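Here's the structure we're looking at; comments come further down.
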């Protein structure tokens with residue numbers, strides 16, 4: 001396989017990795033039509049033929065669905081003419097196909113000018129990266145990751161339903177929805193507090209809560225610089241003040257054992273870890289709150305268990321407080 | 001448009017409202033529906049479940065739009081409150097609106113949306 005540039009090579013590798021085969025690169029492929037009297041094919045030269053460089057990815061066998069990708073390695077943002085050209089190519093391929101359905105994507109790591117979207121939406125062609133109403137610059141790595149996400153999702157999507165993607169702008173919007181959320185991801189990863197492990201993905205309080213609510217506490221540990229709560233369903237939560245890791249990673253509980261500092265009741269009297277475990281273990285998580293320097297979870301609507309960097313606290317939430325001191 | 005989950009009004013074809021959290025948790029168990037589950041978020045195919053998104057109109061009625069995918073970004077985005085026409089929405093700062101700018105249309109992010117702007121749909125931005 002020969003490649004015209006580094007971007008083309010990398011796109012090919014991404015496509016092969018995502019789709020596991022059925023990916024080819026064609027250079028100077030000639031597309032020919034019978035009549036050039038349509039505005040969409042204005043970029044076709046007379047005689048009405050067009051030479052293109054294309055990354056072809058077969059997504060489905062029956063019905064045959066093929067993705068045509070144009071990789072634009074440009075020093076500036078891609079212009080409407082670049083998208084218009086690809087719209088014409090995809091439209092032509094569909095018009096003269098023998099049952100094969102073609103979708104098109106234009107990939108330009110330097111981005112697109114605003115006029116590109118009108119062509120892409122009206123001709124149902126996807127653009128990567130997305131246009132989001134302000135000039136956003138995505139790194140090439142991010143753009144290739146977007147491309148991979150689109151390929152993986154598209155392969156799964158066409159196996160479920162493909163007809164509804166045919167009518168403009170359904171395919172354009174499908175691609176847009178998959179790549180639009182990349183904005184802010186890099187910043188979120190840098191400032192992240194919640195991380196899903198073992199993947200290491202930046203996450204949110206909401207996802208952390210969904211992962212732990214309803215699970216029962218199976219163990220509480222203190223390791224150097226963090227506290228760990230082992231939960232049912234092989235889920236663990238590790239709190240270290242600046243970050244909260246959660247998920248099904250058994251490595252999360254690893255670390256040198258440390259001397260726990262535990263407290264009980266609203267006035268934070270000292271107590272032992274065994275005391276907290278005797279009450280907390282076996283109870284289910286019913287609520288959660290993040291107070292910055294500690295995370296607190298509700299247990300069976302009766303207790304609040306706090307995870308600090310150096311230990312735990314436990315408070316009864318039942319009233320009157322004096323009668324429910326631990 | 002990146003509207004947070006709590007602002008999306010989803011209903012089944014019989015008008016019964018959809019609990020998105022419950023639905024997402026149920027559908028997670030059907031791997032073929034998972035279009036993406038990665039560092040960016042979760043995307044699920046729901047095109048065959050007869051789910052519609054109810055979009056409020058100026059007339060106080062709802063426009064039902066079929067939903068094919070439900071997307072759950074994994075990280076949180078800044079949320080703004082905007083009043084567009086008669087509707088007050090919570091939208092993420094990066095949500096894109098198309099506004100009229102003289103005789104042309106222009107894309108504007110929610111964070112740049114200002115009172116007095118008129119959307120392509122004819123709805124006015126109040127705050």
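Key figures for this structure:
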{"quantity": "From the options A:37, A:74, A:68, A:107, residue that is within 16 Å of residue A:176 (Cα to Cα) and either at pLDDT below 90 or more than 14 Å from every other protein chain (Cβ to nearest Cβ) (or both)", "calculated": "A:107"}
{"quantity": "Residue A:191 over 19 Å from residue A:326 (Cβ atoms), touching a helix residue (DSSP H, G or I) at 6+ places or on another chain (Cβ under 7 Å) and surrounded by fewer than 21 Cβ atoms within 10 Å (Cβ to Cβ)", "calculated": "no"}
{"quantity": "Residues located in the range A:294-308, provided they are part of a loop (DSSP other than H, G, I, E, B) and either under 17 Å from residue A:260 (Cβ atoms) or touching a residue at least 24 places away in the same chain (Cβ under 8 Å) (or both)", "calculated": "A:294, A:308"}
{"quantity": "Lone unmet requirement of (1) surrounded by fewer than 17 Cβ atoms within 10 Å (Cβ to Cβ); (2) modelled with pLDDT under 90; (3) within 14 Å of chain A (Cβ to nearest Cβ) for residue B:50", "calculated": "(2)"}
{"quantity": "Residue A:241 being touching a residue at least 12 places away in the same chain (Cβ under 8 Å) and surrounded by fewer than 17 Cβ atoms within 10 Å (Cβ to Cβ)", "calculated": "no"}
{"quantity": "Evaluation of residue A:127 against (1) facing another protein chain (nearest Cβ under 10 Å); (2) surrounded by 15 or more Cβ atoms within 10 Å (Cβ to Cβ) (one fails), failing number", "calculated": "(1)"}
{"quantity": "In the range A:114-148, residue farthest from residue A:14 (Cα to Cα) [restricted to those that are touching a helix residue (DSSP H, G or I) at 6+ places or on another chain (Cβ under 7 Å) and in a loop (DSSP other than H, G, I, E, B)]", "calculated": "A:115"}
{"quantity": "Flag if residue B:96 is modelled with pLDDT of 90 or more and at the interface with chain A (Cβ under 10 Å from one of its Cβ atoms)", "calculated": "no"}
{"quantity": "Options A:286, A:227: the member that is farther than 15 Å from residue A:312 by Cβ, part of a strand (DSSP E or B) and more than 14 Å from every other protein chain (Cβ to nearest Cβ)", "calculated": "A:286"}
{"quantity": "Enumeration of residues in the range A:269-300 that are modelled with pLDDT of 95 or more and at positive phi", "calculated": "A:282, A:300"}
{"quantity": "Filter pass, residue A:148 being within 23 Å of residue B:119 (Cβ to Cβ), facing chain B (nearest Cβ under 10 Å) and touching a residue at least 40 places away in the same chain (Cβ under 8 Å)", "calculated": "no"}
{"quantity": "Selection count where residues are modelled with pLDDT of 75 or more and either farther than 27 Å from residue A:206 by Cα or within 14 Å of another protein chain (Cβ to nearest Cβ) (or both), scope the range B:53-78", "calculated": "15"}
{"quantity": "Matching residues, the range A:196-220, being free of Cβ contacts under 8 Å to residues at least 40 places away in the same chain and either in a helix (DSSP H, G or I) or buried (at least 20 other Cβ atoms within 10 Å of the Cβ) (or both)", "calculated": "A:201, A:202, A:204, A:206, A:207, A:210, A:211"}
{"quantity": "Single unsatisfied condition, residue A:171 versus (1) more than 7 Å from every other protein chain (Cβ to nearest Cβ); (2) surrounded by 22 or more Cβ atoms within 10 Å (Cβ to Cβ); (3) outside any helix (DSSP H, G or I)", "calculated": "(3)"}
{"quantity": "Conditions (1) more than 10 Å from chain A (Cβ to nearest Cβ); (2) surrounded by fewer than 18 Cβ atoms within 10 Å (Cβ to Cβ); (3) under 25 Å from residue A:164 (Cβ atoms): number failed by residue B:116", "calculated": "(3)"}
{"quantity": "Qualifying residue in the range B:32-43 (condition: exposed (fewer than 14 other Cβ atoms within 10 Å of the Cβ), in contact with a helix residue (DSSP H, G or I) (Cβ under 8 Å, 6 or more places away or on another chain) and not in a loop (DSSP other than H, G, I, E, B))", "calculated": "yes"}
{"quantity": "Verdict on residue B:84 being out of contact with any helix residue (DSSP H, G or I) (no Cβ under 7 Å at 6 or more places or on another chain) and crowded, with 18+ Cβ neighbours inside 10 Å", "calculated": "yes"}
{"quantity": "Residue count, the range B:1-12 (criterion: modelled with pLDDT of 90 or more and part of a loop (DSSP other than H, G, I, E, B))", "calculated": "0"}
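The values are calculated or read from the model by the stated rules, or taken from the named source; none is laboratory data. In this text the structure is predicted, and so the values were computed from the model without any measurement. Positions of Cβ are backbone-derived with ideal geometry, glycine not excepted, and every protein chain shown enters the neighbour counts.
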